[in-house]
Amino acid sequence: MSEEPDGAPFPVPAEFVRFAVALEPAEVGHGHMAGWLTGEDAVRLAFLRRCDLRERAGGFEAIAELEPSAPELPVLCRRLSDEDAGAGRVWAYLALSWAGSRPGGQRGRLLGELAASGDADAARLMAAPDGEALRRLAAGREESLLRRAASGQGMNWQSGSALLGTDRPEEVDAALDRGEELAGIAVIGLALQHPDADAILPRVARALESPDAALRPQSRVALAHVARLHGTVDRRCLELLKSHPRGNEADDDLWSYVPHRRLPWWLWRHHLGRRLAWHLRDRWRG
């Protein structure tokens, strides 16, 4: 007989969870069994973490290989959850964080449901939005995301293909702080995967100003991806790019995908000068 997940007040979407924490297999299992994760989201999060970790995927691979409706899924999730008595802590943080991030009436409804289920932090957040509950949220983020990122626990830092899938800015920050050899690949991955250019560009800037001979060209590739995918750039990245050799990937994609009025004079001079050279060469050949 298959085991059915218990009833949480509401599910927490995978698209929120994936950016908020670096989950462990037992935490995915607990999330599904407690009702915080649907079967679809449990399998999706396991797949994403398998991509993060590659050969260190462990229990994530077993979850990701199942269909969301498979009767084996809750059985496996129960077993994984039982292996870690503390697996529920992250879900207390995630549920409160998800509820607190919602607009107006939805926030009040979700916090009310949490409070009715016995969550004292939710009740405090409803009564005093700038009080103790927010400090608990900050502590949860520190424990579940920042410390794991700082230790390298969140990603497999020996796998370039895994790093190209990263979508958590905090992982990139921590890798740059540690001086990871493949940090530049993670910067490129963030540029490819994260939906918000404002979260990507500060990390690209850190890589652009690095003295590391391998990281600098990778930073230009990342900036080119931001220009191509988001059609934007910030002043800091432009200031740093100016010191790089001209004719690189970022120069070309900025000119192709960002409105020219937002680009500096030195990039205009480079591209217009190159066009003039091509024009004169073509006329000479003609």
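When the helix-only estimate is applied to the chain (DSSP H runs of n ≥ 4, each -39,500 (n - 2.57), divided by the residue count), what is the mean residue ellipticity at 222 nm, nearest 500 deg cm²/dmol? Can you show the working numbers first?
Details: 18 runs with 188 residues, N = 286.
Using -39500 (n - 2.57) per qualifying helix, the result is -19500 deg cm²/dmol.
So for PHE60, PHE47, fewest C-beta neighbours within 10 Å to most, what's the order?
On the way: PHE60 24, PHE47 17.
In increasing order of surrounding Cβ atoms, one gets PHE47, PHE60.
How would you order 256-269, 169-182 from highest to lowest mean count of nearby Cβ atoms within 10 Å?
Values: 256-269: 12.9, 169-182: 19.9.
The packing order, highest mean first, is 169-182, 256-269.
Assuming 0.36 nm per residue, please report the length gained on full extension of the stretch ARG269 to ARG178 beyond their Cα-Cα distance. It would help to have the intermediate numbers written out before the result.
Details: separation 91, 0.36 × 91 = 32.76 nm, distance 3.76 nm.
Stretched out fully, the ARG269 to ARG178 stretch lengthens by 29.0 nm.
Based on other C-beta atoms within 10 Å, arrange CYS237, CYS77, CYS51 from fewest to most.
Numbers: CYS237 26, CYS77 29, CYS51 19.
Fewest-to-most ranking of CYS237, CYS77, CYS51: CYS51, CYS237, CYS77.
Compute the long axis of helix 132-141 from its Cα atoms, compare it with the longest principal axis of the Cα atoms of the chain, and write down the angle in degrees, 0 to 90, nearest 10.
Its long axis makes an angle of about 60 degrees.
On full extension of the chain, what length is gained from SER161 through PHE16, given 0.36 nm per residue of separation minus the C-alpha to C-alpha distance?
Working: separation 145, 0.36 × 145 = 52.20 nm, distance 2.32 nm.
Length gained between SER161 and PHE16: 49.9 nm.
Sorting check: for 205-216, 27-38, which peptide has the highest mean count of neighbouring beta carbons within 10 Å, and how do the rest follow? Kindly include the intermediate steps, with their values, before the conclusion.
Numbers: 205-216: 17.5, 27-38: 26.0.
Highest mean packing first, the order is 27-38, 205-216.
Quick one: if the Förster radius is 30 Å, what FRET efficiency do ARG135 and ASP82 give, using the C-beta to C-beta distance and rounding to 0.05? Don't jump to the answer; show the numbers that get you there.
Numbers: r = 31 Å, r/R0 = 1.03.
Taking R0 as 30 Å, the efficiency between ARG135 and ASP82 is 0.45.
Any read-out appearing in this document is the output of simple, stated calculations on the displayed coordinates, not a laboratory observation. The structure presented is a predicted model; accordingly, all values stated were derived computationally and were not measured. Neighbour counts are summed over all protein chains in view; Cβ atoms, including those assigned to glycine, are modelled from backbone coordinates with ideal geometry.
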